[in-house]
Structure formats: structure tokens, C-alpha cells
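Here the structure comes first, spelled out in C-alpha cells, and everything after it is commentary.
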Amino acid sequence: MASNNLLEEEQIQNDIENSEDDEIDENGKVDDQSVTKTKKKRKKKKKSKGQNTTNDNNTEIDPVQNGTQAISTLSIQQDDNEKEEEEEVVGEGDETKSTTKKKNKKKKKTTTPVANGISTTTSSPQQTNPPSIPICELYPDGNYPEGQILSHPTPKNPSTDGLLAINRMTNEEKRMLDMTQIELYRELRQAAECHRQTRKWVMSWIEPGMKMIDICERLENMNRKLIKEKGLEAGLAFPTGCSLNNCAAHYTPNNGDNTILQHDDVCKIDFGTHINGRIIDCAWTLAFNPKYDQLLKAVREATNTGIQTAGIDVRLCDVGEAIQEVMESHELELDGKLFPIKSIRNLQGHLIGQYHIHAGKSVPIVKGGEGTRMEEGEIYAIETFGSTGKGLVHDDMEVSHYMKNFDAEQVSVRNAKAKQLYNTITKNFGTLAFCRRWLDRLGESKYLLSLKSLVDADVVNPYPPLCDIKGCYTAQFEHTIILRPTCKEVVSRGDDY
């Protein structure tokens, strides 16, 4: 009996414990359910608040945009309600499934467009034909087309310190240094793109029978439009050269000059553009008669050779030697007579500075010359001239090009009219080159004596046309290059040359 009583007491105790466990499980389920329902209520309140806030913020939005937003909001609410009903049907105690569905719901909200309107993409305007849109408006983000990119060459005669301008494209230090000059590159590229579009347009209409003065003024007017001329901040860097035949450089017609372009002429078109004094100096030769093709080919190849040879740590004389070798490997046959093509030895390429077209260093186009080396960051005009004559030019014809002396500090001129002309030149051209046609355009008249006074005082320098012997033919090709820390950029390069 005693043992039986003990067994009964233990059985009763176990029953009591099991019943308590059952109650705890049931209470736990109830608690989980209540927590889940409480969270759902909070979510619904947040959603309603968010929708109200969105509607308040967009009270002045376009009706079409409001309609779009309303549709997207309704679709979100419907999706949320359907998912909540599914959760209740599947089972309130299934914590894993409900958690997964809540995550999916959040992801869908992120990807669903709740913005107040339709997204739009902006596109840059396209250039018209003929060109009429300024280059800065074609590239509003300032990312102008990059020029031709070339590696710096290994110098023919390396410097004694053993430094070579190689592996610069992958050098992190040089790349960082390159990035600090991005604004300068943008200004040069903007000016270069203006030059490319202007010359492409000029090539489409220039033909024999046109007056040279009309060609120049038409070209310059287009240039002013595309560069969006603005005083000394943006404009023409120097007058348009249109030297013919034996005249190699620095000829532009003065008013009253009625020279007409002929079919058998060899014409050098040389003009410049600038942004904030960052100058693009670029030229090409035009010939309508194919009998001059070999002359043009020789000069074009010589210029490209000069560009290939130039680079950081390269000696200027080595560039000249390479140019002459290519130039004088050609010859031209005219009317049954063979003419050797010679480099014009007293014409050269040059270093370009800000508002300074000839900034000191010269790049020869014949063997010899300076052993000075090109340096990082410099900008050069690489230009070559070939001739069927003596290969030597001299001053000839009426002067048209002038330029204020870059190093002149004071104006020692007493004549009042000369001072007034000097002030006009300083205001409109600064230290950039100009011509008599441009003074006429500004309304100046009877200024030749005043201009002569400025020349005599060494305040303004004249640049007369440069000519080889009469009866010969000359040609020119030119590009502007930047010796960047990482590479060499032929910034004025185009599809034409």
C-alpha cells in the first residue's frame, strides 16, 4: 500500500508539470501572435504616415505626375494587403515564412518607383550645317574631345642624369600630376575643337575664283561664332594667314587687296584660336591642282615625323634633323623638270605660352641648332615648311601682321593718337597678334602714322610676309602638341590631317 501511494503521488506530480508546460507553450504562441500583429499595425501606421507626407510635399506637382504617383502608390498598397492576407492564411505561428515575406516586401518597395514624375535624360545639342552652335554649348559638361595620344619617345641622345620619359602612362605619380592640369587641357581642347570644325567648314566651300580677303573674313567670322568670342577670354589668336605660292607665311590681305585665288595656286591656311590665352596654332596647305601632291605629301610627312620625334627630354636639334631627313627624301616634278623639296631653314616651330605665341624655344626643321631639351608640361607648335626654291625666306610685300612686344614694360610714346591706338590694341588684343583689317573692324581710321610710331618705339613689332624666290612653291603643315606628364597629346589632330 505504501509503495502504491508513492507511485500515485509521482504520477500526479508529473501530470501537473506537463500541464504547466502545455500552458507555457500555448502562452508562448499567443505572445508570438500578438507580437506579430503589433508589428503589422505599426507598419500600417508608418505606411499611412509616409504616404501622407509624400502627398503633402507634392501639393504643387504637375497633375500628370500626381496621377503617376497615385497609381504607383495604389499598386504598393494592393501588394501589401495581398501579402498580409497570405500571411494570415498560411499560419500566424510560422515565424520563418513571415520573416522571409517581410524581407521580400522591403525589396519590392525599394525597386518600385515612388518618385513624383517620369525620369528624363538630357542630351547635348548636335552641330548644324553650316556650324552655328558655339563649342562650349555643344559640350556643356566641359569634356571636349581629346587629341591624338602618343607615348613619349626614348631620346636619341639621353640626358646625362639617365632619366628617360618612358613608362609614364602607368606611373601613378605622373598620372596624379596630369590630373592637376585638367583645366588647362580643357581650354586647349575647346580651342582645338573650334579649329577643327571651322577648317572642316572652310574646306567645304573654298574654291578658285574667290577673293582672298573674302575667304579670310568668312573664316574669321565663323571662328568668332564657334569660339564664342569674349574679349581676351576667348577669340582669335592671330590673323588668318593665306600665303600663296612662293610666300610661305605671314600674309593676310589688307583692305583694298583684291587678290583672287587661282586654280594653280598653293595656299597655306594658318589660323589660331584661344581660350584664356591657351593658343591652338594649326595650319594646312590647299592645292587644287594634283601636280603639287608630292610637295604636300613631303611636308605633311615631315610634320608628322617632328611630332613623333618630339617629347620630354628630347633635344630640339634632334627633332630638326629627323624632319629634314624626311622632307628632303621627296622631290617634285613640274612641267618635266625635277625639283628637290627643301626644308626652309630659317622657319621653325616654337614653344607656346599663355597669350604668347612665340615663347622662347624654337624647334628647327633642319639639322643643327640648339641642344636644349623639351620639358614636361610644355606646349609646342610643330610646323614644317617645304620649298621647291632655295629653302630660305626673306621679308617681302606689304606688312599686315603686327603684335605688341610681350616684354615691353612702359610706353615711351608722346603722340596722343599713338597712345590712344596703343590703348585700343591693349584692350582688344593684349599681347596676341592682330592685323590692319582688325583695326578697321574696330572703327580705327587714319592710324598708319600712329602705328608706325609704336613700331619705331619698339612697343609693337611688325611681321611682314616671308617669301622664297619668285616662281617657286612652298607648303606648310602644323599642329599643337602638349607634353603631358603621362603622354604626348596632339591636341589639334583631326580626321583631315
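The values are calculated or read from the model by the stated rules, or taken from the named source; none is laboratory data. All values derive from a computational prediction rather than experimental measurement. Neighbour counts run over all protein chains shown; Cβ positions are idealised from the backbone, glycine included. Remember, those area values only see protein heavy atoms, side chains included, never the ligands or the DNA or RNA. Shrake-Rupley method; radii C 1.70, N 1.55, O 1.52, S 1.80 Å.
The set of residues from the stretch 379-398 being part of a loop (DSSP other than H, G, I, E, B), crowded, with 19+ Cβ neighbours inside 10 Å and in contact with a Leu (Cβ under 9 Å, 6 or more places away or on another chain) comprises T388, V393. Against the definition (crowded, with 17+ Cβ neighbours inside 10 Å and assigned to a helix (DSSP H, G or I)), how does Y422 come out, yes or no? Criteria met by Y422.
Condition check ((1) under 30 Å from A322 (Cβ atoms); (2) touching a Phe, Trp or Tyr at 6+ places or on another chain (Cβ under 7 Å); (3) touching a residue at least 60 places away in the same chain (Cβ under 8 Å)) across all residues:
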{"residue": "E375", "(1), (2), (3)": "yes, no, yes"}
{"residue": "I379", "(1), (2), (3)": "yes, no, yes"}
{"residue": "Y402", "(1), (2), (3)": "no, yes, yes"}
{"residue": "D407", "(1), (2), (3)": "no, no, no"}
{"residue": "S412", "(1), (2), (3)": "no, no, no"}
{"residue": "L448", "(1), (2), (3)": "no, no, no"}
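Restricting attention to the stretch 399-419, the residues that are more than 34 Å from the chain's Cα centre (by Cα) and either closer than 21 Å to S243 by Cβ or open to solvent by less than 30 Å² (accessible area, probe 1.4 Å) (or both) total 3. Those strands (runs of 3 or more DSSP E) of the stretch 219-327 that lie entirely within it include none in which at least 3 residues are open to solvent by 10 Å² or more (accessible area, probe 1.4 Å), farther than 30 Å from L338 by Cβ and among the charged types (D, E, K, R).
Listed by position, the strands (runs of 3 or more DSSP E) contained in the stretch 453-497 that have at least 3 residues being within 26 Å of Y185 (Cα to Cα) and over 16 Å from the mean Cα position of the chain (by Cα) are 474-483. Counting residues in the stretch 151-162 that are surrounded by 13 or more Cβ atoms within 10 Å (Cβ to Cβ), closer than 25 Å to D265 by Cβ and in contact with a strand residue (DSSP E or B) (Cβ under 8 Å, 6 or more places away or on another chain) gives zero. Quickly run through the stretch 195-213 and pick out the residues that are in a helix (DSSP H, G or I) and either of a type in the set (A, V, I, L, M, F, W, C) or open to solvent by less than 80 Å² (accessible area, probe 1.4 Å) (or both). Matches in the stretch 195-213: H195, R196, Q197, T198, R199, W201, V202, M203, M212, I213. When restricted to residues that are open to solvent by less than 50 Å² (accessible area, probe 1.4 Å) and either within 23 Å of G369 (Cα to Cα) or in a loop (DSSP other than H, G, I, E, B) (or both), the stretch 328-337 contains 1. Is it true that some residue in the stretch 434-452 is among the hydroxyl-bearing types (S, T, Y), open to solvent by 30 Å² or more (accessible area, probe 1.4 Å) and part of a loop (DSSP other than H, G, I, E, B)? Yes.
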